[in-house]
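Accompanying notes for the structure given below.
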């Protein structure tokens, strides 16, 4: 697994002539969404319309369904996503035979997925997919792996991930007790899962910056 910068990754991808699916994986709070967005932005600076993003988070199951299934408290775990729907989308994006494909996006303000929130046209050469479990060495996630042309893992020390997660929930005005529950029940188990059970990627991006401390 080669360590690489975003600019170096742009250099690897920018002259692609065919559809390329780039999978950016990492633990919660690793910065994968930000890095994927920067990658798409840099690629489109090189050539307008070259790249687009299709985040896995658009396949979050709805809160009402999670509550009905009794798994609302672990929202964000692997089985709280529509993996089958995600696989179908990635396969369609990889085949690239449709004029355009609509993809869902997760609205963090409303805590729901919005269907058809973005369209990716056939002329887009590079589609960047990001999510926690893209490289998870566990079925059904391994069934999606063959559709990825390039894989990237965001490498962050676990203590930094924990600090970032704490700061994230503080920004949502969570109480210390709520934060502790969120970390212990969902976040840190998911961090452990991604770090220990993800397949090796083609490239690694190190993102070690600690969150800014607030008074």
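Quick note: the coordinates plus some simple rules give every number you see, no bench work behind them. Everything numeric in this text was worked out from a predicted model, so none of it was measured. Cβ atoms come from the backbone with ideal geometry, glycine included; neighbour counts cover every protein chain shown.
Inside the stretch 1-20, can you point out the residues that are under 27 Å from residue 195 (Cα atoms) and in contact with a strand residue (DSSP E or B) (Cβ under 9 Å, 6 or more places away or on another chain)?
If the condition is that a residue be under 27 Å from residue 195 (Cα atoms) and in contact with a strand residue (DSSP E or B) (Cβ under 9 Å, 6 or more places away or on another chain), then 1, 2, 3, 4, 5, 6, 8, 9, 12, 13, 20 are the ones that fit.
Considering the stretch 130-156 alone, what residues qualify as being in contact with a helix residue (DSSP H, G or I) (Cβ under 8 Å, 6 or more places away or on another chain), closer than 19 Å to residue 190 by Cα and assigned to a strand (DSSP E or B)?
The answer is 130, 131, 136, 152, 154.
If I filter the stretch 118-129 down to residues being assigned to a strand (DSSP E or B) and either over 25 Å from residue 204 (Cβ atoms) or free of Cβ contacts under 8 Å to residues at least 60 places away in the same chain (or both), which single residue comes out as farthest from the chain's Cα centre (by Cα)? Walk me through how you get there before you give the answer.
Initially, the stretch 118-129 is screened for residues assigned to a strand (DSSP E or B), giving 118-121, 126-129.
Add one more test, that the residue is either over 25 Å from residue 204 (Cβ atoms) or free of Cβ contacts under 8 Å to residues at least 60 places away in the same chain (or both), and what stays is 118-121.
Numbers: 118: 16, 119: 18, 120: 17, 121: 21 Å.
Out of the qualifying residues, it is 121.
Considering 161, 65, which residue is out of contact with any strand residue (DSSP E or B) (no Cβ under 8 Å at 6 or more places or on another chain), buried (at least 19 other Cβ atoms within 10 Å of the Cβ) and part of a helix (DSSP H, G or I)?
Result of the check over 161, 65: 161.
Look through 36, 52, 23 and report the one residue that is in a helix (DSSP H, G or I), surrounded by 19 or more Cβ atoms within 10 Å (Cβ to Cβ) and touching a strand residue (DSSP E or B) at 6+ places or on another chain (Cβ under 6 Å).
36
Under 7 Å between Cβ atoms, which residue pairs at least 6 apart in sequence (or on different chains) link something in the stretch 49-69 that is closer than 17 Å to residue 104 by Cα with a partner that is surrounded by fewer than 12 Cβ atoms within 10 Å (Cβ to Cβ)?
Once the first residue is closer than 17 Å to residue 104 by Cα and sits in the stretch 49-69, its partners that are surrounded by fewer than 12 Cβ atoms within 10 Å (Cβ to Cβ) give 63/111.
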